[in-house]
Amino acid sequence: MEFIRQNIIWVGLAVVSGTMLLSSMLRARTGGSSVSPFTATLMINREDAWVLDVRDEAAFAAGHIPGARHVPSVRLADRLAELHKLKKKPAIVCCERGAASRSACDTLKRAGFEKVVSLAGGLAAWEEASQPITRK
């Protein structure tokens, strides 16, 4: 007990870092994982990952990741059959800021898609990282 009192800062640091490590592992197991624009680019180039944009038609037309497939989040469950052939390939799901893509990731995982991640920060983060955008 004396050791804990004398080293309270180190004990607190160990508890906080352990908690962060565990929460990170749990998020990855439950499909809550997200990747940075840099990591997404690596996945596209090295793992032949495909991109699913779940924003509405107007937002998609205004600018999207080159080669992205477009299925609005409100229609995703109805259009899963179109994406069936891509189940075994890594998928990166993006939306405007990252919230809707997490829900879409859950839908894809329940449908049997194997490696699905959300683009952290969405298209806004992609643009902020100076990654290419295609406009319709």
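The values are calculated or read from the model by the stated rules, or taken from the named source; none is laboratory data. Please read all numbers here as calculations on a predicted model, not as lab measurements. Cβ: placed from backbone, ideal geometry, glycine included. Neighbour counts: every protein chain shown.
Which members of segment 9-41 meet the condition of being loosely packed, with under 13 Cβ neighbours inside 10 Å and modelled with pLDDT of 85 or more?
Answer for segment 9-41, where residues must be loosely packed, with under 13 Cβ neighbours inside 10 Å and modelled with pLDDT of 85 or more: Ile9, Phe38.
Starting from residues that are closer than 22 Å to Ile133 by Cα and part of a loop (DSSP other than H, G, I, E, B), keep the ones in segment 83-97 and report whichever is modelled with the lowest pLDDT.
Arg97
Which of the residues belonging to segment 102-118 are in a helix (DSSP H, G or I), without any contact (Cβ under 8 Å) to a residue 60 or more places away in the chain and either within 17 Å of Trp50 (Cα to Cα) or of a type in the set (D, E, K, R) (or both)?
Ala104, Thr107, Leu108, Arg110
Among the residues in segment 124-131, are any small (Gly, Ala, Ser) and within 17 Å of Val71 (Cα to Cα)?
No - not one qualifying residue is present in segment 124-131.
Return the only residue of Asp106, Asp53 being of a type outside the set (A, V, I, L, M) and surrounded by fewer than 17 Cβ atoms within 10 Å (Cβ to Cβ).
Answer to the check: Asp106.
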